[in-house]
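**Student:** Quick one: the structure is below, questions incoming.
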Amino acid sequence: MIHRRPLLFTACGLLTALAARRVHALSDPSELSVGGSTGAHDAHITCGPDVRVRHASGGVHYERVFEDQPGSDRGMSLDVRAGVGSTTITGVSDYGTDQTATALANNERDRTRVLATGQVLAGWDWRTFALRGGLGYFGLSTLSDDNRRFETKYYPLPALDMRIGRRSGFRGNLGAGAPPIVGMTRWYSLYGLAAYRFKEGGEVGTGLIASFGGTLDQRVGWVFQGSVPITEWMHVGGFGMIDADDKSKLSGFNWTAGAGVRFLLDSAD
């Protein structure tokens, strides 16, 4: 039964995407992406011990342009992003030699906490430029004031996304909120991404993401991503993120890797 569940969820996701594509076929430009990621990083705690964090995340990203004229690729833009995942402290610096570090390790080490995020953006797409703003509800992983316990907090936070360039060809995305990478949608971040989408299908891109919304998730890293077409309307891809040095005493290798599927729910070029 355990092995059947992933197959069941995958089948349900594919059926949902197929149904959505049928509804959107030859209609407004729209895309649906689903995927996930896993990784580990060091978190530097101000006035406290440093910790090693293992994280995992799954996400969804839906984008649609309500065209002012059929085939114009211009009009009101709607963007929805959501994610859910886990954060686990797997190591604490100064364990056994510092009272606070020892208490944090005894209280929280290897305890998994689940957090979630939802975000909605709206704005206008001028085909070669899009600007959208909105609000998100983000789950942030923090520590108590005495740095001895894990705390989960949820906050409404503003979100902004700007795209320069068309959806196909070269484009850049700048913004704050959940990044437009399904394996990273759980984290509140600043991001700058550049990509090239081939007319034949597929995509390559790179950029920088700085997650700063939660004490245990703070990190800055370079992202590399790409995808290949499986069919005309379904692309499969992956990404990797290598974090910059965060001055942690643990000095672990900081990384995140994920994969996803993008469904093109329209016939836009």
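**Student:** Kindly provide the set of residues from the stretch 192-213 that are farther than 29 Å from residue 93 by Cβ and either in a strand (DSSP E or B) or within 14 Å of the chain's Cα centre (by Cα) (or both), ordered by number.
**Tutor:** Here is the first cut: in the stretch 192-213, the residues farther than 29 Å from residue 93 by Cβ are 192-207.
Residues satisfying the conditions are 192, 193, 194, 195, 196, 197, 203, 204, 205, 206, 207.
**Student:** Which residue is modelled with the lowest pLDDT, if the candidates are limited to the stretch 249-269 and must be within 26 Å of residue 211 (Cβ to Cβ) and in a loop (DSSP other than H, G, I, E, B)?
**Tutor:** Restricting attention to the stretch 249-269, the residues satisfying the condition of being within 26 Å of residue 211 (Cβ to Cβ) are 249-262.
Now restrict to residues that are in a loop (DSSP other than H, G, I, E, B): 249-254.
Values: 249: 76, 250: 79, 251: 72, 252: 77, 253: 87, 254: 92.
Within the stretch 249-269, the match that is modelled with the lowest pLDDT is 251.
**Student:** Restricting attention to the stretch 57-81, report how many residues are aliphatic (A, V, I, L, M) and either in a loop (DSSP other than H, G, I, E, B) or in contact with a Ser or Thr (Cβ under 6 Å, 6 or more places away or on another chain) (or both).
**Tutor:** Of the residues in the stretch 57-81, the ones aliphatic (A, V, I, L, M) are 60, 65, 76, 78, 80.
Right, trim to either in a loop (DSSP other than H, G, I, E, B) or in contact with a Ser or Thr (Cβ under 6 Å, 6 or more places away or on another chain) (or both) and you get 65.
Selection size over the stretch 57-81: 1.
**Student:** Report, ordered by the first and then the second residue, all pairs with beta carbons closer than 6 Å, sequence separation of six or more or different chains, a first member in the stretch 183-211 that is at positive phi and at pLDDT below 95, and a second member that is buried (at least 19 other Cβ atoms within 10 Å of the Cβ) and assigned to a strand (DSSP E or B).
**Tutor:** Close Cβ pairs satisfying both conditions: 202/227.
**Student:** A follow-up question, please. Look through the stretch 91-108, keep the residues that are part of a loop (DSSP other than H, G, I, E, B) and in contact (Cβ under 8 Å) with a residue 60 or more places away in the chain, and return whichever of them is farthest from residue 41 (Cα to Cα). Write out each step before concluding.
**Tutor:** In the first step, residues of the stretch 91-108 are kept if they are part of a loop (DSSP other than H, G, I, E, B); the result is 93-98.
Then drop every residue that is not in contact (Cβ under 8 Å) with a residue 60 or more places away in the chain, which leaves 93-94.
Working: 93: 13, 94: 17 Å.
Per the stated criteria, the residue is 94.
**Student:** Find the residue count for the stretch 64-90, including only residues that are without any contact (Cβ under 8 Å) to a residue 40 or more places away in the chain and acidic (Asp, Glu).
**Tutor:** Residues meeting the conditions: 2.
**Student:** If a residue has to be of a type in the set (A, V, I, L, M, F, W, C) and outside any strand (DSSP E or B) to count, how many in the stretch 214-241 make the cut?
**Tutor:** Taking the stretch 214-241 as the starting set, the residues that turn out to be of a type in the set (A, V, I, L, M, F, W, C) are 216, 220, 222-224, 228, 230, 233-234, 236, 239, 241.
Going one step further and asking which of them are outside any strand (DSSP E or B), we end up with 216, 230, 233.
Here the count works out to 3.
**Student:** So, one more: Restricting the first residue to the stretch 160-173 and requiring it to be more than 11 Å from residue 191 (Cβ to Cβ), which pairs with a second residue that is outside any strand (DSSP E or B) and among the small types (Gly, Ala, Ser) meet a Cβ separation below 8 Å and a spacing of at least six or different chains?
**Tutor:** Listed pairs, sorted by first residue: 167/268; 168/268; 171/165.
The values are calculated or read from the model by the stated rules, or taken from the named source; none is laboratory data. If you're wondering where the values come from, they're calculated on a predicted model, not measured in any experiment. With ideal geometry, Cβ positions are generated from the backbone for all residues, glycine too; neighbour counts draw on all protein chains shown.
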